[in-house]
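> Quick one: the structure is below, and I'll ask about it shortly.
The values are calculated or read from the model by the stated rules, or taken from the named source; none is laboratory data. Predicted, not measured: the structure shown is a model, and the values here were computed from it. Using ideal geometry, Cβ is built from the backbone for each residue, glycine included, and neighbour counts are taken over all protein chains shown. To get the accessible areas, we keep the full protein, side chains included, count just its heavy atoms, and leave off ligands, DNA and RNA. Shrake-Rupley method; radii C 1.70, N 1.55, O 1.52, S 1.80 Å.
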Amino acid sequence: MTLDELKDAAVSMLDRAHCPYSHFPVGAALECADGSVYTGCNIENASYPVGLCAERTAMAKAVSCGQRDFVRLVIAGRSGEFCVPCGMCRQFLAEFAPELSIICLNGSGEAETFRLSELLPHSFGGSQLDGVKP
Ligand code: THU
């Protein structure tokens, strides 16, 4: 899939967002090393903290289908700002892809690209648990 196609996949998920509380739709498209793509949208809940972000939805779909290697993630919003991943999503994504390339879109379709390690420096990872494993 080309980058433009991956962007289109993320943008098309904006219409699937369930965001009756924030009215802030987010779409995501995650490309795996084998070329497959998993999409996601944000899914809010009347109990606000229960809501899921679009990029975690996409990665949860991919991981639960057996995917472990990820190449690129596009996150699309409709606001004037580039839709960067929230802190919780940065940590979630880093579990599998600390060097993931993240393409953030604003509502005009303009893009800014980040490396996850740039957005989440000095991240907490599984190796930090090594010293306390039985
Ligand atoms: N949201 C995402 O889906 N991804 C992000 O990285 C930023 C925030 C969602 C969560 C919530 O449904 C809405 O945007 C407003 O915060």
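> Given (1) open to solvent by less than 40 Å² (accessible area, probe 1.4 Å); (2) free of Cβ contacts under 8 Å to residues at least 40 places away in the same chain, identify the lone condition not met by Val84.
(1)
> Can you tell which of Leu6, Leu52, Leu105 is closer than 26 Å to Pro121 by Cβ and touching a helix residue (DSSP H, G or I) at 6+ places or on another chain (Cβ under 7 Å)?
After applying the criteria, what remains is Leu105.
> On to the next question. Out of all the residues in segment 98-127, which are of a type in the set (A, V, I, L, M, F, W, C) and either outside any loop (DSSP other than H, G, I, E, B) or exposed (fewer than 15 other Cβ atoms within 10 Å of the Cβ) (or both)?
Ile102, Ile103, Cys104, Leu105, Ala111, Phe114, Leu116, Leu119, Phe124
> Next question. Within segment 55-97, which residues are more than 10 Å from the ligand (Cβ to nearest atom), among the basic types (Lys, Arg) and part of a helix (DSSP H, G or I)?
Lys61
> Select from segment 11-34 the residues that are in a strand (DSSP E or B) and either closer than 14 Å to Cys104 by Cβ or open to solvent by less than 70 Å² (accessible area, probe 1.4 Å) (or both) and list them in ascending order.
Selection gives Gly27, Ala28, Ala29, Leu30, Glu31, Cys32.
> On to the next question. Which of (1) surrounded by fewer than 18 Cβ atoms within 10 Å (Cβ to Cβ); (2) of a type outside the set (D, E, K, R); (3) within 23 Å of Asp4 (Cα to Cα) is the odd one out, the single condition Phe70 does not satisfy?
Answer for Phe70: the failing condition is (1).
Residues checked against (1) closer than 20 Å to Leu14 by Cβ; (2) of a type in the set (Ser, Thr, Tyr):
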site: Ala28; (1), (2): yes, no
site: Leu52; (1), (2): yes, no
site: Thr57; (1), (2): yes, yes
site: Ala60; (1), (2): yes, no
site: Gln67; (1), (2): no, no
site: Leu73; (1), (2): yes, no
site: Cys89; (1), (2): yes, no
site: Ala97; (1), (2): no, no
site: Leu100; (1), (2): no, no
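> Taking segment 36-54 as the region of interest, how many residues are surrounded by 12 or more Cβ atoms within 10 Å (Cβ to Cβ) and either modelled with pLDDT under 95 or outside any strand (DSSP E or B) (or both)?
Result for segment 36-54: 7.
> A further question follows. Restricting to segment 43-58, name every residue that is closer than 15 Å to Leu93 by Cα and out of contact with any strand residue (DSSP E or B) (no Cβ under 6 Å at 6 or more places or on another chain).
Those that are closer than 15 Å to Leu93 by Cα and out of contact with any strand residue (DSSP E or B) (no Cβ under 6 Å at 6 or more places or on another chain): Cys53, Arg56.
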